Amino acid sequence: MKTATVRQLRTEFPKVLAWVYAGQEVAITRRRKVVANLTPAGDPPKRKLPRIDFKARLRQLYGDKVIPAATMADILAENKGRY
C-alpha cells in the first residue's frame, strides 16, 4: 500500500490517481496518521481499442486489383494543380 500526505494529494493529484488506476490502495496521511484510504472503485478502465485491419478491408473491397504505374502517373498528371 502506498502512502500520500494531504499536501501531496493537493499538489500531485494526477500522480496519486495514477496509483489508484493501477489498482493500488493509497493511504492518505496527515501528521503521520492515516486519515483516509483511497481504493480502486472496481476494474481499472480499459483503454485498449481494437485495431482496424485496413489492409484486410481494402482486400475485401478491391480484391487483388492493382493500378499500373503508368495509369497512376496519368491520373496524378491530370489532377495536378486541381486541389
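Every number in this text was worked out from the coordinates using simple rules, so none of it is lab data. These figures come from a predicted structure and were not determined experimentally. Please note: Cβ atoms are built from the backbone with ideal geometry, for glycine as well, and neighbour counts cover all protein chains shown.
Given in Å, the Rg to one decimal and the Dmax to the nearest whole number for the Cα atoms of the chain are 27.8, 77.
Pairs of Cα atoms nearer than 8 Å and 6+ residues apart set the relative contact order; for the chain it is 20 percent. Using θ = phi - 60° in the Karplus curve 6.51 cos²θ - 1.76 cosθ + 1.60, the 3J(HN,Hα) couplings for region 17-26 round to 5, 4, 4, 5, 4, 6, x, 8, 8, 10 Hz; x is entered for Gly and Pro. Considering only DSSP beta bridges where both residues belong to the chain, give the percentage that are antiparallel (nearest 5). Antiparallel: roughly 55 percent of the beta bridges in the chain. Note on the chain: lysine pairs with Cα distance below 27 Å, sequence gap of 8 or more or different chains, count 10.
Tilt of helix 69-79 relative to the longest C-alpha principal axis of the chain, in degrees (0 to 90, nearest 10)? Here the helix axis deviates by roughly 80 degrees. Overall, the chain carries a charge dipole of about 680 debye about its Cα centre when +1 sits on the Cβ of Lys and Arg and -1 on the Cβ of Asp and Glu, all other atoms neutral. When the helix-only estimate is applied to the chain (DSSP H runs of n ≥ 4, each -39,500 (n - 2.57), divided by the residue count), what is the mean residue ellipticity at 222 nm, nearest 500 deg cm²/dmol? One gets -12000 deg cm²/dmol as the mean residue ellipticity at 222 nm. Label sites at ILE28 and GLN8, each approximated as a point 7 angstrom past Cα along Cα to Cβ, lie 1.4 nm apart. Of the trypsin sites (Lys or Arg not before Pro) found in region 22-83, the ones in coil according to DSSP and having at most 12 other Cβ atoms within 10 Å of their Cβ are ARG31, ARG32, LYS46, ARG47, LYS48, ARG51, LYS65, LYS80, ARG82. When the Cα positions of LEU61, PRO14, THR29 are compared along the charge dipole of the chain, THR29 comes out farthest toward the positive end, with charges on each C-beta of Lys, Arg, Asp and Glu.
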